[in-house]
1. Angle, helix 207-220 long axis vs. longest principal axis of the chain, Cα atoms, 0 to 90°, nearest 10?
2. Quick check for you: with a 1.4 Å probe and neighbouring chains kept, what is the accessible area per residue of the chain, in Å²?
3. Need the C-alpha centroid separation for region 74-124 versus region 1-72, integer Å.
4. What does DSSP give for the chain in terms of the percent of beta bridges that are antiparallel, rounded to the nearest 5?
5. Of all the accessible heavy-atom surface of region 164-222, with the other protein chains kept in place and a 1.4 Å probe, what percent is carbon and sulfur?
6. Which order do GLU86, GLU158 take when ranked by solvent-accessible area (1.4 Å probe, heavy atoms of all protein chains), largest first?
7. Quickly rank 232-238, 92-98 as a protection proxy: mean count of other C-beta atoms within 10 Å, highest first.
8. Once you have a ≥ b ≥ c as the square roots of the Cα gyration tensor eigenvalues for region 26-154, tell me rounded if a/c is under 1.5, and otherwise prolate or oblate according to whether a/b is larger than b/c.
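The values are calculated or read from the model by the stated rules, or taken from the named source; none is laboratory data. Note that this is a predicted model, so its numbers are computed, not measured. For neighbour counting, all protein chains shown are included, and Cβ atoms are generated from backbone atoms with ideal geometry for every residue, glycine included. The protein model used for the area step is the full one, side chains on, heavy atoms only, and it has no ligands, DNA or RNA in it. Shrake-Rupley method; radii C 1.70, N 1.55, O 1.52, S 1.80 Å.
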Amino acid sequence: MSEDVVLHERRGGFSVVTLNRPDRLNAFNEEQHHKLRAVLEDCASDETCRALVLTGAGRGFCAGQDLADRDPAMLGDTPDLGLTLETFYGPLVRRLRTMEKPVICAVNGVAAGAGANIALACDIVLAARSAKFIQAFSKIGLIPDAGGTWWLTRHLGEARAKALTLMAHPLPAEEAADWGLIWRAVDDDRLMDEALTLAAAFAKGPTRAYALTKEAIQAASSNDLDAQLGVEIRLQREAGRTEDYREGVAAFLQKRQPAFKGK
Ligand code: LHQ
């Protein structure tokens, strides 16, 4: 039997999810999509999982769509790539964005095409210094997808978004961090340690507040200030009713570390 195309390792309070088709730089075929979806659903419904690390096996993070799986020569006269986005990539991006716990992406190597944009859908993106982000789509006559047009334009503005996509310019991790596209570039041999340390810290944190914070920040991109102030009222009301808020304030007043339960 072939090895699992997505590995799921449960650690103390968080999960490490590894794309595992290293000989294809972890490019997505349908099996990998199905498996990843199942693993992410597991993590979403498991209360003991309070953070996730998404990474790739081998020397790459993810090279996007496995092109052998969507070879136009085999797709007939009217191929429908929109259907692939509707069925797989859209739901995957939404699943990451609505995951009610922090998702850390540890970009261990090249992230190309939809692989780059799946990384950018995660909440905290750490990348190995040697990694590159490549909007490879124009090289094969496609447009950026999996949220790429949205992230790039919002995070970088039109000038950089157009240059990266039209020229398929490989963006080194360090520059991606300097531009505000990702959180940090770290030395290659430190990447997993940093990602795991962060996940372990999140696993002891106020999980509901993290989820609500994530929701608020994501809503801000498309709201005006007035609407966003409304979002903050609604979500803070909810945060204020969590056990963790009680615990956080009690710990502060008693000058001790809080013991958050994620509730
Ligand atoms: C691959 C792939 C790959 C298959 C490397 N597929 N084998 C959505 C809707 C529906 C359809 C279309 O797509 C989409 C979204 C998309 O993601 S479109 C964009 C798809 N991705 C790309 O175009 C990137 C293609 N890959 C590359 O440009 C290079 O491989 C990069 C720049 C990522 C890495 O270059 P190298 O470090 O030089 O590695 P390599 O090219 O030698 O790749 C290693 C192996 O992985 C190689 O196989 P081989 O048998 O020769 O060792 C590649 O053929 C294979 N591989 N990407 N996407």
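1. 60
2. Working: 13810 Å² over 263 residues.
I get 53 Å² per residue for this part.
3. 11
4. Numbers: 8 of 29 bridges.
Bridges in the chain are about 30 percent antiparallel.
5. Values: 1750 of 3020 Å².
Carbon-and-sulfur percentage of accessible area, whole number: 58.
6. Values: GLU86 140, GLU158 110 Å².
Order by accessible area, largest first: GLU86, GLU158.
7. On the way: 232-238: 13.1, 92-98: 17.4.
Taking the mean over residues of other Cβ atoms within 10 Å, the ranking is 92-98, 232-238.
8. On the way: a/c = 1.78, a/b = 1.37, b/c = 1.29.
It is prolate, given that a/c is not under 1.5 and a/b is the larger ratio.
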